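The values are calculated or read from the model by the stated rules, or taken from the named source; none is laboratory data. No experiment lies behind these values; they were computed from the predicted model shown. Note: ideal-geometry Cβ built from the backbone for every residue, glycine included; neighbour counts use all protein chains shown.
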Amino acid sequence: MSMQFASSTAFPAMNAFSTGMQVVAHNIANVSTAGFDPSSVRYATGAGGKGVSVGSVRGEGQFPVAGQEEDSSLNAAGQLPPEVLAPSGTDVAREFTTMIATQHAFAANAATGRAWDEMLGVVLDVKV
């Protein structure tokens, strides 16, 4: 195992999975928001063909701005706006499944980082 393995693969992967958890949390927080289109993360191979990175976040930049509440009142024609009639697109079962898988992937990479740290400690103890 290379001495830079954890820093070049495990730690960037943990950052990528943290982003995935943020997206899942955002989707779940908006489960009751009418017309909400959930975001998703697409992971990619990390730099140099090693590890995991965030390839893209679908829906990125479409997060609501704090303090801007949608007006759900009737429009001029006396009808509800389309975003009120359309329910949230968030599938709670899918989000929780994604959350569990992301949590396990993060934990696996954290374990790799801990193992690397322990190995480095052993190497440094042997040199001293």
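From the list ALA105, ALA101, pick out the single residue that is at pLDDT 90 or above, more than 27 Å from SER32 (Cβ to Cβ) and under 25 Å from the mean Cα position of the chain (by Cα).
ALA105
State all residues of region 6-45 that are surrounded by 17 or more Cβ atoms within 10 Å (Cβ to Cβ), of a type in the set (Gly, Ala, Ser), within 30 Å of ASP117 (Cα to Cα) and touching a strand residue (DSSP E or B) at 6+ places or on another chain (Cβ under 7 Å); if no residue qualifies, say none.
Scanning region 6-45 gives ALA13, ALA16, GLY20.
Quick one: is SER18 within 30 Å of LEU120 (Cβ to Cβ), modelled with pLDDT of 90 or more and polar (S, T, N, Q)?
Spelling it out, SER18 is indeed within 30 Å of LEU120 (Cβ to Cβ), modelled with pLDDT of 90 or more and polar (S, T, N, Q).
Pull up region 39-72, narrow it to residues that are assigned to a loop (DSSP other than H, G, I, E, B) and within 16 Å of GLY89 (Cα to Cα), then point me to the one that is modelled with the highest pLDDT.
SER39
Which condition number in (1) touching a helix residue (DSSP H, G or I) at 6+ places or on another chain (Cβ under 9 Å); (2) at pLDDT 90 or above; (3) not aliphatic (A, V, I, L, M) is the one that GLY35 fails?
(2)
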